[in-house]
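See structure below.
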Amino acid sequence: MLEGAELYFNVDHGYLEGLVRGCKASLLTQQDYINLVQCETLEDLKIHLQTTDYGNFLANQTNPLTVSKIDTEMRKRLCGEFEYFRNHSLEPLSTFLTYMT
């Protein structure tokens, strides 16, 4: 028989778990990294990333594309996703995520 915590896991944590699984599925694959290594310019890198789930975060960047622009946009995306996870989590996870920051 399921205990109370196990019975309500999906009610309390199912949405967040689905989000995390979705993020995991969108991570770059080994083949993506192999292709990125072969890029000769930052424009090549941008073009290759557009074929992945990371394609839209550089779409609004104008030329010349620099490493600092890519770094800034990647940090914004990562921080935005983290904030979303933290805002939609319940205790004790929300406290832990707040402690991490």
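Among the residues of the range 83-101 satisfying the criterion of being without any contact (Cβ under 8 Å) to a residue 24 or more places away in the chain and not hydroxyl-bearing (S, T, Y), which is farthest from L16 (Cα to Cα)?
Looking only at the range 83-101, we keep the residues that are without any contact (Cβ under 8 Å) to a residue 24 or more places away in the chain, and these are 83, 86-87, 91-92, 94-101.
Filter once more, so that each one left must be not hydroxyl-bearing (S, T, Y): 83, 86-87, 91-92, 96-97, 100.
On the way: E83: 12, R86: 9, N87: 10, E91: 12, P92: 13, F96: 15, L97: 13, M100: 17 Å.
Selected residue: M100.
With the requirement that a residue be surrounded by fewer than 13 Cβ atoms within 10 Å (Cβ to Cβ), closer than 23 Å to N35 by Cβ and under 12 Å from the mean Cα position of the chain (by Cα), what does the range 47-76 give you?
The one that is surrounded by fewer than 13 Cβ atoms within 10 Å (Cβ to Cβ), closer than 23 Å to N35 by Cβ and under 12 Å from the mean Cα position of the chain (by Cα): R75.
Evaluate the following for L93: is it surrounded by 13 or more Cβ atoms within 10 Å (Cβ to Cβ) and farther than 24 Å from Y15 by Cα?
Numbers: surrounded by 13 or more Cβ atoms within 10 Å (Cβ to Cβ): yes; farther than 24 Å from Y15 by Cα: no.
Taking the combined requirement at face value, the residue does not satisfy it.
Hey, can you tell me all the residues within the range 60-82 that are closer than 24 Å to G22 by Cβ and touching a helix residue (DSSP H, G or I) at 6+ places or on another chain (Cβ under 9 Å)?
Listed by number, the residues that qualify are N60, I70, E73, M74, K76, R77, E81, F82.
So for the range 17-29 (the condition being surrounded by 13 or more Cβ atoms within 10 Å (Cβ to Cβ) and at pLDDT 85 or above), does at least one residue qualify?
Yes, the range 17-29 has at least one match.
The values are calculated or read from the model by the stated rules, or taken from the named source; none is laboratory data. The structure presented is a predicted model; accordingly, all values stated were derived computationally and were not measured. Here the Cβ is made from the backbone with ideal geometry for all residues, glycine too, and neighbour counts use every protein chain on show.
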